[in-house]
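*Asks:* My questions will all concern the structure given below.
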Amino acid sequence: MTTDCYILGIESSCDDTAAAVINNGVVLSTIVATQKIHEEYGGVVPELASRAHQQNIVPVVHQALRKANIDKKDLKAIAFTRGPGLMGSLLVGTSFSKSFALGLGIPLIDVNHMQAHILAHFIKAEGQEAPNFPFIAMTISGGHTQIVKVTSYFEMEVIGQTIDDAVGEAFDKAAKILGLPYPGGPLVDKYAQQGNPKAFTFPKPKVAPLDFSFSGLKTAVLYFVERETAKNPNFVAENLADICASLQYTIVDYLMDKLKNAVSQTGIKEIAIGGGVSANSGIRRALVDAETKYGWKTHIPKFEYCTDNAAMIAMVGELKYKEKLFATSDVIASARMKF
């Protein structure tokens, strides 16, 4: 008979305040309060984000407990995002979690946000099969782009990463150049599905085999748009779907090149992706095709576990709880937390 192991996860690394309850790998509730205020600024404003977290965290946690149909006294531990992320946002989640755990007299567990994106694959969900160790994980989001060799739950090695911008930022900045509102990445994906991916050619940056660079691609898109609109002021409006399709094709092809290099270098053919950009339809299709084309075994997270969420934090919390890997009361948030 399995003993109940209720873990509360709290995520506040950027602009979403999230709380979730997990029990033996099964998510009982996952609540996210999204901050709409940043849309008018075209990006996340750190000070506004931390203020909104302060307003949202108590009601979000309350809803998560209520939806899970448990009392706070049933909790075994509280897991929270220690970093990386925006310092002001992390401080809200860290302070709340420390106080809540202290008040309940239960263990406090600190979680690395990027490791959580990888370990989200171990959440028990219909149609989701956990990867076998070792596997290659590619974490792709607005703030991070990394290739990680995962040997066990807590043994991970970054073997490739971006030398400048993250892939999610490249999508958003390119979208802004095209006149699309923030966040632009999902809109590029939407229009890309209606366009011709071979209509225009964008350069793939040349860096080390497992590393990434996206700053040059953003500049190439800017110069391309400036050049074409000088000839035809309506160029973007008339070719938006084709531009988005071509841009997305270039980025996805670039990501797949790096994964092929990682497989070649490590000999590992089991691949998992995580992070907000893993919701992109192009990369998801490319990974499904890779199973047939290259003989890979690929793991693609459910949409709700792609973007920042507390279920993945709770999942890591449960894994750490079982190993008694607890944080001390003097733990502090870390904006640039490493693996």
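*Asks:* K231 versus (1) exposed (fewer than 14 other Cβ atoms within 10 Å of the Cβ); (2) among the basic types (K, R); (3) within 22 Å of Q194 (Cβ to Cβ): which is the lone unmet condition?
*Replies:* For K231, the exception is condition (3).
*Asks:* Identify, by number, the condition in (1) within 24 Å of the chain's Cα centre (by Cα); (2) in a helix (DSSP H, G or I) that G85 doesn't meet.
*Replies:* Among (1) within 24 Å of the chain's Cα centre (by Cα); (2) in a helix (DSSP H, G or I), the lone unmet condition for G85 is (2).
*Asks:* A follow-up question, please. Report yes if some residue within segment 77-90 is aromatic (F, W, Y), open to solvent by less than 10 Å² (accessible area, probe 1.4 Å) and out of contact with any helix residue (DSSP H, G or I) (no Cβ under 8 Å at 6 or more places or on another chain); otherwise report no.
*Replies:* no
*Asks:* In addition: Restricting to segment 285-320, give me the number of residues that are of a type in the set (V, I, T) and out of contact with any helix residue (DSSP H, G or I) (no Cβ under 9 Å at 6 or more places or on another chain).
*Replies:* Final tally of qualifying residues: 2.
*Asks:* Which fully enclosed helices (runs of 4 or more DSSP H) of segment 225-339 have 1 or more residues being among the small types (G, A, S) and either closer than 26 Å to T17 by Cα or touching a His at 6+ places or on another chain (Cβ under 8 Å) (or both)?
*Replies:* 281-294, 311-322
*Asks:* Go through segment 1-20 and give me each residue that's part of a strand (DSSP E or B) and in contact with a Gly (Cβ under 6 Å, 6 or more places away or on another chain).
*Replies:* Matches in segment 1-20: I7, G9, I10, A20.
*Asks:* Restricting the first residue to segment 297-309 and requiring it to be of a type in the set (D, E, K, R), which pairs with a second residue that is modelled with pLDDT of 95 or more and surrounded by fewer than 20 Cβ atoms within 10 Å (Cβ to Cβ) meet a Cβ separation below 6 Å and a spacing of at least six or different chains?
*Replies:* K297/E270
*Asks:* Looking at S215 and the list (1) at pLDDT 95 or above; (2) open to solvent by 20 Å² or more (accessible area, probe 1.4 Å); (3) polar (S, T, N, Q), which single condition is not satisfied?
*Replies:* S215 satisfies all of (1) at pLDDT 95 or above; (2) open to solvent by 20 Å² or more (accessible area, probe 1.4 Å); (3) polar (S, T, N, Q) except (1).
*Asks:* Kindly provide the set of residues from segment 122-148 that are within 23 Å of G282 (Cβ to Cβ) and of a type in the set (F, W, Y), ordered by number.
*Replies:* Passing the criteria: only F135.
*Asks:* Checking the conditions here, which among I313, I283 is in contact (Cβ under 8 Å) with a residue 60 or more places away in the chain, open to solvent by less than 20 Å² (accessible area, probe 1.4 Å), under 18 Å from M256 (Cα atoms) and of a type in the set (V, I, T)?
*Replies:* Exactly one of I313, I283 is in contact (Cβ under 8 Å) with a residue 60 or more places away in the chain, open to solvent by less than 20 Å² (accessible area, probe 1.4 Å), under 18 Å from M256 (Cα atoms) and of a type in the set (V, I, T), namely I283.
*Asks:* How about segment 5-43: which of its residues are farther than 19 Å from V61 by Cβ and modelled with pLDDT under 95?
*Replies:* K36, I37, H38, E39, E40, Y41, G42, G43
*Asks:* Within segment 252-261, track down each residue that is crowded, with 21+ Cβ neighbours inside 10 Å and in contact with a Lys or Arg (Cβ under 9 Å, 6 or more places away or on another chain).
*Replies:* The answer is V252, and nothing else.
*Asks:* Here's a follow-up. From the list K320, K297, which residue is under 30 Å from A33 (Cα atoms), open to solvent by 10 Å² or more (accessible area, probe 1.4 Å) and modelled with pLDDT of 95 or more?
*Replies:* Being under 30 Å from A33 (Cα atoms), open to solvent by 10 Å² or more (accessible area, probe 1.4 Å) and modelled with pLDDT of 95 or more holds for just one of K320, K297, which is K320.
The values are calculated or read from the model by the stated rules, or taken from the named source; none is laboratory data. Predicted model, so just to flag it, every value in this text is computed and none were measured. Don't worry about glycine lacking a Cβ; one is built from the backbone with ideal geometry, like all the others, and counts go over all protein chains shown. Note: accessible area is taken over every heavy atom of the protein model, side chains too, but ligands, DNA and RNA are not part of it. Shrake-Rupley method; radii C 1.70, N 1.55, O 1.52, S 1.80 Å.
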